[in-house]
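What follows is a short report on a single structure.
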Amino acid sequence: MSRLMSMVGSGTLVVSALFASLQISAAPPTPVKAGEWVTHGRDDSEQRYSPLKQINADNAKQLGLAWYADLTERGQWQSTPIMVDGRIYVTTPWSKVYAFDAASGKFLWKYDPKVPREIAATSLCCNNSNRGVTYWQGKLIWGTLDGRLIAIDAKKGTKVWETLTIPEGEPMSITGAPRVGNGIVFIGQAGAEFHQRGFMSAYDAKTGKQLWKFFLVPGNPAKGPDGAASDSVMEMAAKTWKGDWWKTGGGATPWDGILYDPQTDSVIFGTGNGAPWPAEVRSPGGGDNLFTASIVALEAKTGKYKWHYQTVPMDNFDFDNTSPLTTADLTIDGQKKHVVMQIPKNGVFYVIEAGTGKVISAKLAVPSANWLTGFDKDKNWAPILNPDSNFGKTGKGWFVVPFQTHVWYPQSYNPNTGLFYVGIRYATYGMVSEAGAKMGNQLLSINVAKRPEYAPPKLEGAGQWLTAWDPVTQKEVWRAKEGTAASGTMTTAGNLVFQGSGRNFIAYRADTGDKVWSAETGTAVAAGSITYQVGGTQYVAAVAGGPGPRRPTGCWCTSSVAPRCCHRHRRPRPRRHSIRLPTSAAMRSWRVASRSTRRTAPAATRVVAAWAGSPNCAPRR
């Protein structure tokens, strides 16, 4: 059918000349030691790049398991650990926090916020995950599934303060990690699938007191202003909606991608999909529906609006724009640019000036898309929507291309190679609009039992992979077909990129994509890994969790009072892992492991683990 031919190829697009004119002021960055990982993306830039290079592309093949720790909670495992002052902190399903010694894996303490399990039926659209804590001046701060923001003493695991961030009794939740900048905590929430009105809010990191709140879709006009930081732009946003939109909330919940940019003293974040999904149902008659599916920048101290870029006006496709964001200083056309980068569900890679919102470039990172026909370069790269894709209006349904290109899985950027590493998916999904239809407990107005009136498009090269993307030239430099869209990445000065794939954890050369090491984990490493240094030894750590056999495979080595090794057995159930490298003292420390101490690693439900140098033990024959 002709509508299936309405696709945009991945050719380079032209830079728009329109941008916001803003006064840019800098603030102090969050201090990070070279051997630590203090926040979700390691530092304010969210590059997930470490300057450590004791582990490098030449010796990575010697990596072996240093220690592991069992985590017994059941659910979705999406936590990026952090490491500060020789301790690793990781969150689990149901928003619990564990602390371990980063060198030995010794369990230190656990904090359970006691999230009520009954909210699973009323407030959770997808799973019971938590993506991690952040650290600030001796405190660990994170959000809970029931909408609380909690700060505890990082050494003792005792509560310092707690505050509820969502309206009491509303079906909203927190799964994303908060960010802290200049003493301010920023947090969003999920809940669009329950017809909620999204907002970003900020809190004093010392006391937990709310500093400001910014709504991301307009409320009921009859009620007047909200008394929030967003009041000045809600009239503008309301003009992009039709009908009684406020009755279904509107959506735009900022449930994941957030960063604090000290160079512009801004909080920059992505917003979620419209609620319900079909635009014609929530806003009959059209409209862009601000600020759904957008990138928004606010003044960090006050929440004052700075700029926005809407990646998908009139979103119909669950195109959350909440995928991770990364800032970097790039040289483009001979000029240094401080940019924010993102590749969200819609398949487009964006490079945008962080201070102004001017789109520098955008390009499809997948072979084609049928939700748009191009970009309007005179309107700051506003996408030109394909009218046939408005399936709520046509009543015929639509197989959207692409679908779920990049969701929440962490990405990374290596300033040495100039490459951006991310797992992406090229796929299609059929949607049919039906007002009031549900998917489980979610109020989507999509009939998941029906399919569009025509055959799905045939996609050449459909699948998923790890890509190394040059944001300056907007071209793919290399691709690892063993990679996946369902795992985060981390990169280092040792010319390495780490990513999980199936039941393996893999290291690639950052410059060429050549595979240099892999370890069988027995279950998926979905979240981002980290690397850190303790006592002169570099480690790599990750959380592995998900369905899997109960017994371990591979040569698993643990450390408690003294290192010990175990022989090859069947795969372990999910574990958290930590890795260290076999050089200098680390290598010698690893090699002193006595063969007489080898033992079978116990079965685990979920695991945290760390790898370092080559274990001085061999698999049982």
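Values as computed for the structure displayed
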read-out	value
Whichever residue in segment 310-319 is of a type outside the set (Val, Ile, Thr) and open to solvent by less than 10 Å² (accessible area, probe 1.4 Å) and, among such residues, is farthest from VAL348 (Cα to Cα)	ASN316
Failed item, numbered, when GLY169 is tested on (1) farther than 22 Å from LEU216 by Cβ; (2) free of Cβ contacts under 8 Å to residues at least 12 places away in the same chain	(1)
Selection count, segment 381-417, where residues are open to solvent by 20 Å² or more (accessible area, probe 1.4 Å) and on the phi > 0 side of the Ramachandran plot	2
Single condition THR523 does not satisfy, out of (1) part of a strand (DSSP E or B); (2) within 22 Å of the chain's Cα centre (by Cα)	(1)
Qualifying residue in segment 449-457 (condition: surrounded by 18 or more Cβ atoms within 10 Å (Cβ to Cβ) and among the hydrophobic types (A, V, I, L, M, F, W, C))	no
Residue among THR331, THR302 that is open to solvent by 10 Å² or more (accessible area, probe 1.4 Å), touching a residue at least 12 places away in the same chain (Cβ under 8 Å) and not in a loop (DSSP other than H, G, I, E, B)	THR331
Whichever residue in segment 75-103 is modelled with pLDDT under 95 and surrounded by fewer than 21 Cβ atoms within 10 Å (Cβ to Cβ) and, among such residues, is farthest from VAL525 (Cα to Cα)	GLY75
ALA300 farther than 12 Å from SER266 by Cβ and small (Gly, Ala, Ser)	no
Out of GLY488, GLY513, GLY545, sole residue that is in contact with a Phe, Trp or Tyr (Cβ under 8 Å, 6 or more places away or on another chain), surrounded by 24 or more Cβ atoms within 10 Å (Cβ to Cβ) and either modelled with pLDDT of 95 or more or under 20 Å from ALA468 (Cβ atoms) (or both)	GLY488
Which listed residue, of THR240, THR248, is within 18 Å of THR271 (Cα to Cα), at pLDDT below 95 and open to solvent by 20 Å² or more (accessible area, probe 1.4 Å)	THR248
Tabulated pairs, segment 502-517, first without any contact (Cβ under 8 Å) to a residue 24 or more places away in the chain, second among the polar types (S, T, N, Q) and crowded, with 20+ Cβ neighbours inside 10 Å, C-beta under 8 angstrom, 6+ apart or interchain	GLY502/THR484; ASN504/THR521
ASP470 being of a type in the set (Asp, Glu), surrounded by fewer than 18 Cβ atoms within 10 Å (Cβ to Cβ) and touching a residue at least 24 places away in the same chain (Cβ under 8 Å)	yes
So ASN370, is it surrounded by fewer than 22 Cβ atoms within 10 Å (Cβ to Cβ) and more than 25 Å from THR467 (Cβ to Cβ)	no
Residues satisfying the stated conditions in segment 20-70, i.e. farther than 30 Å from ALA354 by Cβ and small (Gly, Ala, Ser)	ALA57, ALA60, GLY64, ALA66, ALA69
Residue ID - farthest from VAL608 (Cα to Cα), chosen from residues in segment 473-485 that are open to solvent by 50 Å² or more (accessible area, probe 1.4 Å) and not β-branched (Val, Ile, Thr)	LYS475
So SER283, is it under 26 Å from GLN411 (Cα atoms) and either surrounded by fewer than 17 Cβ atoms within 10 Å (Cβ to Cβ) or of a type outside the set (Phe, Trp, Tyr) (or both)	no
Check on GLN464, more than 16 Å from ALA57 (Cβ to Cβ), in contact (Cβ under 8 Å) with a residue 12 or more places away in the chain and either under 24 Å from the mean Cα position of the chain (by Cα) or loosely packed, with under 15 Cβ neighbours inside 10 Å (or both)	yes
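Results for (1) within 23 Å of the chain's Cα centre (by Cα); (2) charged (D, E, K, R); (3) closer than 17 Å to PHE186 by Cα; (4) at pLDDT below 95, shown as yes or no for each residue.
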{"site": "PRO262", "(1), (2), (3), (4)": "yes, no, yes, no"}
{"site": "GLY270", "(1), (2), (3), (4)": "yes, no, yes, no"}
{"site": "ASN289", "(1), (2), (3), (4)": "no, no, no, no"}
{"site": "TRP307", "(1), (2), (3), (4)": "yes, no, no, no"}
{"site": "THR311", "(1), (2), (3), (4)": "yes, no, no, no"}
{"site": "ASP315", "(1), (2), (3), (4)": "yes, yes, no, no"}
{"site": "PRO324", "(1), (2), (3), (4)": "yes, no, yes, no"}
{"site": "GLY334", "(1), (2), (3), (4)": "no, no, no, no"}
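Residue-by-condition table, conditions (1) more than 15 Å from THR405 (Cβ to Cβ); (2) in contact with a His (Cβ under 9 Å, 6 or more places away or on another chain); (3) of a type in the set (Gly, Ala, Ser):
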| residue | (1), (2), (3) |
| --- | --- |
| VAL432 | yes, no, no |
| ILE446 | yes, no, no |
| ASP470 | yes, no, no |
| ARG479 | no, no, no |
| ALA486 | no, no, yes |
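The values are calculated or read from the model by the stated rules, or taken from the named source; none is laboratory data. Because the structure is a prediction, the values reported are computed rather than measured. Heads up, the Cβs are rebuilt from the backbone with ideal geometry, glycines too, and the neighbour counts pull from every protein chain shown. Note: areas computed on protein heavy atoms with side chains; ligands, DNA, RNA excluded. Shrake-Rupley method; radii C 1.70, N 1.55, O 1.52, S 1.80 Å.
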